[in-house]
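As structure tokens, the structure follows; a few thoughts come after it.
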Amino acid sequence: MTTALLLSGGMDSTCIAYWKRPSLAITINYGQKAAAGEMRASTAICEALDIQHVVVEANISALGSGDMVGRAPSVSAPATEWWPYRNQFLITTAAMKCHAAGVSELMFGSLKSDGFHADGAPPFFMAINHLLELQEGTVAVTTPAIHLDAHELVQVSRTPIEILAWSHSCHVDDIACGFCRGCRKHFETMSIAFGHSY
Ligand SMILES: [Zn+2]
């Protein structure tokens, strides 16, 4: 079975790339503010790990809201970075690419802590997997780190700091801002996983 990983270049999907070594990594430029940083990180990680990498251009920035697109969050946003139906879009787009590439398993890097967002929680992944099953494409979505916290994933995957150093977790810019939730989680996880000397 060939596998693919939706690789944003953030530390969670980077750890899964190192841990699971997919046949193909898919990065989607959907018009997010951090796209250039995510492309740079994903390209470097795939070169270092010798994983085939493809970038899909699918700009939906006109439809986004919140920090990731540089617009005020919607009134129904549970957090300022919330982008309505984002994961549903990313999985559907990546599944199209998987089908074209003959890939049957698409890995998505959601963690235990991502259950804070409805589209990062196990019921969402069960539902979207079922939705894909109802169709002809034969692509299944798996979430190998859904039971782990970020620092546990670093430890379980045994991802070395030299690889994680390429990752880009900032939600709001292509150079890490140091202040957004993505950046704060990145530094906190690196401190827990590698000690305060990091
Ligand atoms: Zn940031």
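A few remarks follow.
- Per residue, the range 3-194 exposes an accessible area of 47 Å² to a 1.4 Å probe, with every protein chain left in place.
- Per the Kirkwood formula applied to alpha carbons, the chain shows a radius of gyration over Rh ratio, Rg over Rh, of 0.94.
- Considering only alpha-carbon pairs that sit under 8 angstrom and 6 or more positions apart, the relative contact order computed for the range 3-194 is 27 percent.
- Here the accessible area is traced with a 1.4 Å probe on the protein chains. For the range 3-194, carbon and sulfur cover 57 percent of it.
- Part-to-part distance (alpha-carbon centres) for the range 1-36 and the range 69-104, which is given in Å: 13 Å
- Highest-first arrangement of 169-180, 22-33, where packing means the average Cβ count within 10 Å: 22-33, 169-180
- Summary value for the range 1-106: 29 percent relative contact order, contacts being C-alpha pairs under 8 angstrom separated by 6+ residues.
- q = 0.14, 0.15 Å⁻¹, the range 76-120: log10 I(q)/I(0) [Debye, one scatterer per Cα]: -0.41, -0.46
- Among Glu188, Glu105, Glu38, residue whose mean-square fluctuation peaks in a GNM of the chain (springs only between Cα atoms under 10 Å): Glu188
The values are calculated or read from the model by the stated rules, or taken from the named source; none is laboratory data. From a predicted model like this one, the values you see are computed outputs, not experimental measurements. Neighbour counts run over all protein chains shown; Cβ positions are idealised from the backbone, glycine included. Ligands, DNA and RNA are stripped out before the accessible areas are found, and what is left, the full protein with its side chains, is counted by its heavy atoms. Shrake-Rupley method; radii C 1.70, N 1.55, O 1.52, S 1.80 Å.
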